[in-house]
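Every number here is computed from the coordinates shown, using simple stated rules; none is lab data. Since this is a predicted model, take the numbers as computed values, not measurements. All Cβ positions, even for glycine, are placed from backbone atoms using ideal geometry, and neighbour counts span all protein chains on display.
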């Protein structure tokens, strides 16, 4: 997994020339400080990208162990962190530092929490380059982390002070995505969840109303369509989908009813399981995190009484034969609805954009937890089972 992350980062370095347009190294006897800083930054950028690509290829060729990859990548990251910040201290106004430091922050994206180096990047960019239109890069890298106080402060500064419409839109989107994680976190209090929900709805509504046509050149978003798969670089449709999730698929909302067929053609309705605690998962055979959940899913099915609990899966696989073979091989006994790919009414109704997507429903069919995995999933099911037993005693 770490090799893939490094190769992806190295590939992104190939896209950097957009940031270098008009900034090629200058030559001559009387170089200014600006041209000197540009020369150094340009050289660092190329050397860094070349080293990343070389390391990634070497790891693949030698089938390097996870320990070796982590050790070598951490050393490489530490080396370039030092060099980039030395450059930043000497030439703080150099425009290429926005690209260099943004991509440096991305090198820490595999960490569960942003380390101090990322906060140092944010502080530097906020002080020296807050109005730069290349800050779209840092927005992309911040999206994977929880919205900490420091990240929230930086993104709000972009919303309020950066003149670029694209940067303003992406900063709003990353803020909304971070708040959404807080909404879905079972440890978030109800009072705090309500505040996050209101702020997320405000941000997404602003994107839909004012920034729907903004194009995010850093990625494409899958547009949900009942009949075909479409993609767009515009963030408006994505924000609309997130807004729909917030208003219709958040904890506390009723799970939308659906009806579909399993691979044998037997009809399955979500409401068939009303009165039970339901773990509803959207997955596909090629999804590694989905497959990693199978032991836990088997454990839940084995230990909980069928009259009180149900595991229900929705497969997004296109290939029916491959799905049938997988179900037989893995001895999956719980109901699996075949959605026939990433299109269709069930996928659209639940705004599925990634897998696994997990909902935990109470006996009334209400969404109580979303995208909880591991111990958090066990805890969620246990809580609802205790709640069910307590209600029976009343």
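Laid out as a table, the results:
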{"read-out": "Rounded to 5, percent antiparallel among DSSP beta bridges of the chain", "value": "60"}
{"read-out": "Gaussian network model of the chain, Cα within-10 Å springs - most flexible of 107, 348, 60", "value": "60"}
{"read-out": "Principal-axis tilt of helix 33-62 within the chain, Cα atoms, nearest 10 degrees", "value": "40"}
{"read-out": "Largest to smallest principal axis extent of the C-alpha atoms in region 171-323, angstrom", "value": "48, 40, 27"}
{"read-out": "Where labels lie 7 Å past Cα in the beta-carbon direction, separation of residue 306 and residue 57 in nm", "value": "5.6"}
{"read-out": "For region 36-76 and region 81-113, distance of Cα centres in Å", "value": "15"}
{"read-out": "Residues 352, 277, 69 arranged by fewest to most Cβ contacts within 10 Å", "value": "69, 352, 277"}
{"read-out": "Relative contact order of region 2-217, defined on C-alpha pairs under 8 angstrom at six or more residues apart (%)", "value": "15"}
{"read-out": "Label-reachable residues, region 346-377, where backbone N falls under 18 Å from a point 7 Å from residue 192's Cα toward its Cβ", "value": "369-373, 376-377"}
{"read-out": "FRET efficiency for residue 364 and residue 206, using Cβ-Cβ distance with R0 set to 41 Å, rounded to 0.05", "value": "0.75"}
{"read-out": "Fraction of antiparallel bridges per DSSP, region 259-392 only, in percent to nearest 5", "value": "50"}
{"read-out": "Percentage, to the nearest whole number, of Cα pairs in region 101-199 over 17 Å apart", "value": "48"}
{"read-out": "Helix 375-392 axis, angle to the chain major axis (alpha carbon atoms, nearest 10°)", "value": "30"}
{"read-out": "Of 333, 281, 147, the one that fluctuates the most in a GNM where the chain has Cα springs shorter than 10 Å", "value": "333"}
{"read-out": "Residue of 279, 263, 118 that the Gaussian network model of the chain assigns the largest fluctuation, springs spanning Cα pairs under 10 Å", "value": "263"}
{"read-out": "Pairwise centroid distance, computed over Cα atoms, of region 135-197 with region 248-284, Å", "value": "31"}
{"read-out": "Relative contact order (percent, whole number), the chain, Cα cutoff 8 Å, 6+ residue spacing", "value": "11"}
{"read-out": "Simple spin-label estimate for residue 291 and residue 244 in nanometres, 7 Å along Cα-Cβ", "value": "3.1"}
{"read-out": "Virtual spin-label span in nm between residue 215 and residue 77, 7 Å along Cα→Cβ", "value": "3.3"}
{"read-out": "Over region 272-394, equivalent-ellipsoid semi-axes from the Cα gyration tensor in Å", "value": "25, 15, 13"}
{"read-out": "Shape of region 2-217, Cα gyration tensor, a/c cut at 1.5", "value": "oblate"}
{"read-out": "Cα long-axis angle, helix 165-184 against the chain (0 to 90 degrees, to the nearest 10)", "value": "40"}
{"read-out": "MRE, 222 nm, helices only [DSSP H, n ≥ 4, -39500 (n - 2.57), over the chain, to nearest 500]", "value": "-17500 deg cm²/dmol"}
{"read-out": "Gain on full stretching of the segment that runs from residue 160 to residue 257 - 0.36 nm per residue minus C-alpha separation", "value": "30.8 nm"}
{"read-out": "Rh by Kirkwood over Cα pairs, then Stokes-Einstein D for the chain at 1.306 mPa s and 10 °C, µm²/s", "value": "68"}
{"read-out": "Fewest-first sequence of 338, 59 by Cβ atoms within 10 Å of each Cβ", "value": "59, 338"}
{"read-out": "For region 264-309: span of alpha carbons on each principal axis (Å, largest first)", "value": "31, 28, 16"}
